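Enquirer: Below is a structure I'd like to ask you about.
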Ligand code: UFG
C-alpha cells in the first residue's frame, strides 16, 4: 500500500489515478483544506486528516502495511508565501517533520517528496540542472529546500531512502476529463487565462513586462500533470526495487514559454480573444525557470510526452466541463 498525502489536490489526485491504474493500492491522507474529496479516485482508501496529527498517523501506519509515502500535502503559492511566510514554514516544514517522525517510528523508509524549481532562486544560466546552487528567493522555495536538506540528514542517520522531485510548472488535466486543476482562489497562469476565456473574469493580468526576456514577460517550463505522474511511478519503482536512494530530479520539458506566449496558445486552442491588462511584477517571481530533465531520463528512463498544446487542450476540456470546479458538483 502507498500512502499519498495531499492526494485530493491537483497533482496528488492525478498521481493517485496513475498509481491505481498501474495496480498499486493507495491510501490518501488529505485535510481537504485545499483539496477536493471528488478528486480522489473511488478505488483509493480515503482518510481525512492532517499530516501533523501524530495519533492519526500512528493509527494509519498501524492499520495499513505502507511500503512507501508520496508527500504532496503542502501550500504551494509563491506570492502567498511572501506575504504569509509562517503559514509556509508551519505547514510545509514543521508539519512535514511530524510526518517524517511518524515514518521513522513505524520504520517506513521510502519517500517521494514534492519539491520545486523555486529552490533554484534566480539562476544566472538558462537551463537548470540539479547540481546548480540552490538560492531560493521566496519562503515557498525555502520551505521546500529545508525539507530536502532534512531528508539528506535523515537518510544519513536512518534507513530512509528518498527522491525529491523538483517540479517546474504543472499544467493540463487527465484526458478522462474527470479530474483537473481546481484552486480557490486560482492564481496559476494557464487556468486563469482559460477561466477568463470562459467568461469567468473580465481580464487576464500580466504580472510584469520588464523582465530580461525577449518579450519582457516571465518564462516558465510548463509540464503536463500526467507526465509528472508518470515520473512519480518510475521514481517509486526505483525506491521500491532499486538501491538506497537520496537524490533529486528536475521534472520539466526543457522548453520555456513566456506569459504572452501562453496567452496566445490559449487563444489559439479556444478560438477566443483575451482581454489583457498589464500589472506590476508579483513579488518572488524569477524571470526565467527552464529545466534540464536529462538526469531523470538517464536514471529513471523518463521523458515528457505532452506538448504545450496538449496541456492547454486538456485543461480547456476540464474547465469547459467543470466551469465551477469541483465544489458546484457537491
Ligand atoms: N502570471 C501572470 N498572470 C496571472 C498568473 C500568473 O502574469 O494571472 C505569471 C506569473 O507572474 C509567473 C507566471 O505567470 O510569471 C507563472 O505563474 P504561476 O502562478 O502559474 O506559477 P509560478 O511559476 O508562480 O508557480 C508555480 C507553482 C509553484 C511552483 C512553481 C515553479 O505555483 O508551486 O510554479 O515555477 F513552485
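Enquirer: Using a Förster distance of 41 angstrom, determine the FRET efficiency expected from the C-beta separation of residue 305 and residue 183, and round it to 0.05.
Expert: Computed FRET efficiency for residue 305 and residue 183: 0.95.
Enquirer: If I take R0 = 30 Å and measure r between the Cβ atoms of residue 37 and residue 205 in this structure, what FRET efficiency does the formula 1/(1 + (r/R0)^6) give, to the nearest 0.05?
Expert: Given R0 = 30 Å and the Cβ-Cβ separation, E is 0.45.
Enquirer: Label points 7 Å out from Cα along the Cβ direction at residue 245 and residue 22: separation in nm?
Expert: Inter-label distance under the simple model: 1.0 nm.
Enquirer: Also, I was wondering about something else. When the chain is fully extended, how far beyond the present Cα-Cα distance does residue 298 get from residue 1, taking 0.36 nm per residue of separation?
Expert: Between residue 298 and residue 1, full extension yields 104.2 nm more.
Enquirer: Please determine, in degrees from 0 to 90 and to the nearest 10, the orientation of helix 10-21 with respect to the longest principal axis defined by the Cα atoms of the chain, where the helix direction is its Cα long axis.
Expert: It works out to around 60 degrees.
Enquirer: How many nm separate the modelled label positions at residue 267 and residue 125, each set 7 Å beyond the Cα in the direction of the Cβ?
Expert: Those two pseudo-labels are separated by 3.6 nm.
Enquirer: Another question, then. Shape of the stretch 1-58 from its Cα gyration tensor (a ≥ b ≥ c, root eigenvalues): rounded if a/c is under 1.5, otherwise prolate when a/b > b/c, or oblate?
Expert: It is oblate, given that a/c is not under 1.5 and a/b is not larger than b/c.
Enquirer: Turning to a different aspect of this structure: How far is helix 308-321 tilted off the main Cα axis of the chain, in degrees rounded to 10, range 0 to 90?
Expert: Between helix and principal axis, roughly 90 degrees.
Enquirer: I've got another one for you. Can you compute the FRET efficiency between residue 275 and residue 67 using 1/(1 + (r/R0)^6), with r the Cβ-Cβ distance and R0 = 56 Å? Round to the nearest 0.05.
Expert: 0.65
Enquirer: Between residue 58 and residue 86, what length comes free when the chain is fully extended (0.36 nm per residue of separation minus the Cα-Cα distance, one decimal in nm)?
Expert: Value of the extension gain: 7.4 nm.
Enquirer: What do you get for the angle between helix 95-105 and the principal long axis of the chain? Use alpha-carbon atoms, 0 to 90 degrees, nearest ten.
Expert: Between helix and principal axis, roughly 30 degrees.
Enquirer: Of the peptides 239-246, 29-36, 292-299, how do they stack up when ordered by the mean number of other Cβ atoms within 10 Å, highest first?
Expert: Packing order, densest peptide first, comes out as 29-36, 292-299, 239-246.
The numbers here are math on the coordinates, done by the rules we state, and not lab data. None of these values were measured; they are calculated from a predicted model. Positions of Cβ are backbone-derived with ideal geometry, glycine not excepted, and every protein chain shown enters the neighbour counts.
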